[in-house]
Structure formats: structure tokens, C-alpha cells
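Trainee: Dumping the structure here so I can ask a few things about it.
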Number of protein chains: 2
Amino acid sequence: MMTIGKLSDTAGVKVPTIRYYEEIGLMPEPERTEGNQRRYVRAHLDRLNFIRHARDLGFSVEAIRDLLSLQATPDAPCHDADRIAADNLADVRAKIARLKKLEAELEHIVSECAGGRAGECNVLATLADHALCVTNHGHAHNPLDNVSN
Amino acid sequence: MMTIGKLSDTAGVKVPTIRYYEEIGLMPEPERTEGNQRRYVRAHLDRLNFIRHARDLGFSVEAIRDLLSLQATPDAPCHDADRIAADNLADVRAKIARLKKLEAELEHIVSECAGGRAGECNVLATLADHALCVTNHGHAHNPLDNVSN
DNA sequence: TCCTGAACCTCTAGTCCTTGGAGATTTAGG
DNA sequence: CCTAAATCTCCAAGGACTAGAGGTTCAGGA
């Protein structure tokens, strides 16, 4: 029997986040004391650890929802979990590829900067003119959605 | 003199986004027609291209604000712009490093999956127990903030 | 000149995943 | 029994957009 604060410390997930997970149905509603405070048991900690770990690995909340329901049915075939993980891996790789292009671009920009006045600054010049770029880092219309996380 | 739609198409920035940039002060308020529609000139396009390019490169709106004010004062020393870009580069590198750890972890998880039942699934087992991880991909308390670009 | 339909306007609210605060209540320890 | 810490609920913010409703303006053609 532990309080939400103890659960929070143990799992490394902030208190409001735990309540949020409950609200969106990732965490089950725990027992309450007479005074309406949440009391958790070991199973809650395991589940929260699972969630945090999956979030650390970049899984979306929706993916985690799927993984949790798979976990709940141990006799179900495992390829669904495998596919979710593989999708996530592909996602992570795409993000790495994109960030590497940005890295190259930024390296170029920064290294060229001679430390003069803003009027001749390479950083500013490059940002003002895409044609000065060394790589094609994309003219994506939703550039960052792909990279966040 | 171009409409917001033309500006949007030319710069590759969605119309509501342009209005949003105006609202937060990244873009200046343009002239209006008698009927209250925005009309842009070349300078607006240049500025919007600058902004989009910087966003593509992962700069935050706040960083862009700084860069734009530097651009407006060509005689100012350039090291501020350089520092902003260098900070951003460090940021991108940190994200890459983090994502590579995730990649390694996910590769491990996925490759180990024998395609059996969920009860023995490696994906699920690893998520349930951090100790099974091959790398220390961090117990960060704000795991994804560091990675979203 | 009028009409039509596309593009524009403002305003509000939603996205995602938390995080923080206000103000009230409960709990555990001394 | 008292107090301080922790908890409760509810609401709002963050970043950077995105989407919709409901209404107006523009440009081209008949």
C-alpha cells in the first residue's frame, strides 16, 4: 500500500503525470482511503514502470495502450507487440537520419562563422538563403513533427 | 503585393501558421486592403523564408526571435548568432546520441522476439523490466523533452 | 454589371504530454 | 490533539501549430 508520492518517487514519474495517466486510462483507478486518497499496490508500480520505460523508448501513449493490452493477454500471439516495436524503431531511425542532416548543416553554418559583424554573418546569411545549404535538409511542410521525440 | 495564400505557397508555410507568426510577433503586421485582407511585399517573403528555414533547422521560436533582431542590426557583433547556432548544434547532437541509444535498445528488443505468444514476448518483458536493457537509455524524468526537436 | 466560388477574415478550441498552481482536505508523527 | 506535509480536484499553461465555424471580400467570366 503506497501513496501517490511514494509511487511517484519509486517509478520516477511525477505525481500529476500519474493522475494524468489515470485520467486517460493508462493507469487503472486505484483504491482510495476513507479520506479519498489513492493507495497503490505492487501491480501499479509494475505497470507504471512499464509505461515510463516505454515512454523513455519513444513509444506513443497509443502504442503503449496497445502494448499494455497485449501484456494482459499472455496467450495472444506476440507479433503485434513486435510490429509496434518495429514501427517505433523505424521511426527512431528516420528521426536520426533527419537530425544528422541538420547536424551537418549546422556544423557548416557554425564553422564558417568568422566572428565578424552581423552584416556578414554566415549564420544569418545561410538562414536567409536556403541555396547556401550544403544538404537538402528538407522543405518539409511539417518539419518538426517528424523529429520530435 | 501578394495575398497570404500566395505567400503561403511561395514560402511553404501554411496560412494559419503565418497568422500565428504575426500574432506572436515573428512576422510584422502587413498592410491591409480596404476589405481588411493582408497584403505582403517582398520583405515579408524574405523574412518568412528565414523563419521557415530556421525552424527546419530546429531552432526554437525564441531563438529565431533573437536571430531576427540580430539580422536587423548588421553592425552588431556576430558572436551572438554564432552562439545561438552552436547551442542548437549541441542540442541536435544530444538528441542524436539519445536516439541512438533508443535505436540500440529497440533493435535488441525486436531482434530477440521469437514470434511466440505474448506471455513470453521479449518486447513486453523488456519493457516490464528495465534491467533487461542493453544500454542505459536513461531514467530521465523528462525523457522526451530532450529529444523533441 | 452582376454572380459565383475561391480565398480571405476573426475567433475559438483542439492537438500531445505533461506540468504547475490555487484552495481545500487528509494523513502521519510527535 | 496539533501541525506540517502530502494529498485532493479543478483549471490553465506550455510549444508550435492546426482545424473548424460562420461570415466577408476578391477576381474572373457571362
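The values are calculated or read from the model by the stated rules, or taken from the named source; none is laboratory data. Quick caveat, the model's predicted, so the values are computed rather than measured. A quick note on method: Cβ atoms are made from the backbone with ideal geometry, for glycine too, and the neighbour counts reach across all protein chains shown. Side chains included, ligands, DNA and RNA excluded: accessible areas come from the protein's heavy atoms. Shrake-Rupley method; radii C 1.70, N 1.55, O 1.52, S 1.80 Å.
Trainee: Quick test of your reading of the structure: A:V15 fulfils all but one of (1) away from DNA strand D (no atom under 16 Å from the Cβ); (2) β-branched (V, I, T); (3) modelled with pLDDT of 95 or more. Name the failing condition by number.
Mentor: (1)
Trainee: Let me ask you something else. Can you confirm whether segment A:100-108 contains a residue that is within 16 Å of DNA strand C (Cβ to nearest atom), at pLDDT 75 or above, of a type outside the set (D, E) and open to solvent by less than 10 Å² (accessible area, probe 1.4 Å)?
Mentor: No, because not a single residue in segment A:100-108 is within 16 Å of DNA strand C (Cβ to nearest atom), at pLDDT 75 or above, of a type outside the set (D, E) and open to solvent by less than 10 Å² (accessible area, probe 1.4 Å).
Trainee: If you go through segment A:17-70 one residue at a time, how many are part of a loop (DSSP other than H, G, I, E, B) and open to solvent by 70 Å² or more (accessible area, probe 1.4 Å)?
Mentor: So the answer is 4.
Trainee: All but one of (1) closer than 30 Å to B:D87 by Cα; (2) at pLDDT 85 or above hold for A:R47; which doesn't?
Mentor: (1)
Trainee: Report, by residue number, each residue of segment A:76-97 that is surrounded by fewer than 14 Cβ atoms within 10 Å (Cβ to Cβ) and within 17 Å of B:A128 (Cα to Cα).
Mentor: Within segment A:76-97, none qualify.
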